[in-house]
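Working notes, beginning with the structure itself.
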Amino acid sequence: MIGIGGGPDLRSSADQNADGSADVLVVGGGISGLATAYWLRRMAPHLKVKLLEGEQRPGGKVRTLAEDGYLVDTGPGTLTLGDRAVDELVDALGLADEVINAQGAAKRYLVRRGRLVPLPGGPGAALRTPLVSAPGKVRALLEPLMPRGAQGDESVHDFLARRLGSEVAKTIGEAMVSGIFAGDPREISVSAALPQLTYLERRHGSLLRGMAAMRRAARPVRRVVGLRGGMGTLTSALAAALGGLLVTGTRVLSLAHGGTGYTATTTDGRSVHARELVLATPAYAAAGLLEPLDPELTELLAIPYVPVDVVAIGYRAQDVPRRLDGFGFLAPRGEGVRSLGVINASALSPGSAPEGHVMYRAIAGGALDPGFATLPEQEKVGTVRRDLATTVGVTAEPSFARVIAWPQGIPQYRPGHLERLARIEAAAARLPGLHLAGNAYRGVGVADCLRDAKRLADLLRDSVADGALAR
């Protein structure tokens, strides 16, 4: 049984009445739904907004488990300041004093034959790295001479192999994709998942020329940070700011659509009517609700997800012979480690482990290792312990261990995802007032979700200004 810390229990709110009407109904209290409702309340205070969340506590995967002196983020563990969407929300919520600079965030490792090798941080380091052979480096240096690709989407692997060679595509591509999507680089769209790469090719004709131009250009400084109390601090602050607009423990069972909007029937038999509807749920949950309204849209929302486990393990600091002096490491398949990657949680966010202890957070499973999800919990912990013994030499009994399983963990942006997204948007337009939000569409990261939430709130605010919503 896992208890989630970091935030008030909202069940006793006097305003938690699922009956009535709203101008905008948001379904789903994960980070996307919370941020959309928050910005709507802030930008259009005269607008009647209601957010329904099926769980007793909001936050979705962005929560923090508190137990035995440890703080375990059940999903994302850091934010990136310097991204406008993140900065605006942190400032608006008054969380600047809760920001903790992540120690060693720029230093990351890749597992190579069971040992940790630093990822190169610049051109000179890239030429010296043992991660790529001499012939592989020569092929990568020829990248500026490679022609632009033909029109059409490519997988991350195919794009990197075409530009930088198959060795770099295998070594670096797999690490990039597993670290973000827990996915297979041969099955992830480069244009949807890593659009900055395709932009560099279009704009500069070369990744290496484009990266050189970026280094010369002045651009906002970005830094990886944690939050005091974990990422649950962010979702708790959003929930507190929403107050009675947020109703927890109330799941939407069905939707009806009529000339004046949408009616949502909830688990307790009540209903809410709204002119505008935001489904900020996983794509599969949105598909289930929309099936009676538009079967074609339901089919388009069949975006695949992969199972992912978060395994947190704590040790006495004195029992760890080799400290991990950076963000953590990624582990391509076949390198002697089963975890997709391990985050050095106690270094990134001091306070996440008790005094004299350290904590690591492993991510395991995904598209390339779906069998991990089927293991007994004790075996999952044992697997990660063996990975840590291999990489940082710790063989002692842990002082703490927790597993957080996400059977449908991360959406996969398959090649053609942007085309699918365009078709989803066209189909959704047949249902006036319907909006889809969440990490299944325009980016899986927290910043992506916050950016999209602000965009959607702007859109709905403008609709209010145009008189499209009931007053």
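The values are calculated or read from the model by the stated rules, or taken from the named source; none is laboratory data. Keep in mind the model is a prediction, meaning the values are calculated, not measured. Note that we place each Cβ from the backbone using ideal geometry, even for glycine, and neighbour counts take in every protein chain shown. Ligands, DNA and RNA are stripped out before the accessible areas are found, and what is left, the full protein with its side chains, is counted by its heavy atoms. Shrake-Rupley method; radii C 1.70, N 1.55, O 1.52, S 1.80 Å.
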Do you know the Lys pair count in the chain for C-alpha distances under 28 Å, with sequence separation 8 or more or different chains? 12
Test of understanding: express the Cα radius of gyration of region 284-431 as a ratio to 2.2 N^0.38 Å, with N the residue count. 1.34
Determine the relative contact order of region 258-398: mean sequence separation of Cα pairs under 8 Å and six or more apart, normalised by residue count, in whole percent. 23
Answer rounded, prolate or oblate for region 87-171, using the Cα gyration tensor with square roots of eigenvalues a ≥ b ≥ c: rounded when a/c is under 1.5, else prolate when a/b is larger than b/c, else oblate. oblate
Alpha carbon centroid spacing (whole Å) that separates region 19-57 from region 408-466: 16
When the chain is fully extended, how far beyond the present Cα-Cα distance does Arg42 get from Glu379, taking 0.36 nm per residue of separation? 116.6 nm
Per residue accessible area of the chain, 1.4 Å probe, in Å²: 43
Counting DSSP beta bridges with both ends in the chain, the antiparallel % (nearest 5): 70
Inter-part gap, Cα centre of region 379-394 to Cα centre of region 189-205, in whole angstrom, is 36
If DNA, RNA and ligands are ignored and the probe is 1.4 Å, what is the ranking of His46, His273, His435 by accessible area, most exposed first? His46, His273, His435
Extension length gain for Arg228 and Arg148 (0.36 nm per residue less Cα distance), in nm, is 24.3 nm
Mean separation of Cα contacts under 8 Å, 6 or more apart, over the residue count of the chain: relative contact order %: 25
Rounded to the nearest 0.05, what FRET efficiency do Thr395 and His204 have when you use their Cβ-Cβ distance and R0 = 41 Å? 0.25
If I compute solvent accessible area with a 1.4 Å probe over the protein chains, what percent of it on the chain is carbon and sulfur? 53
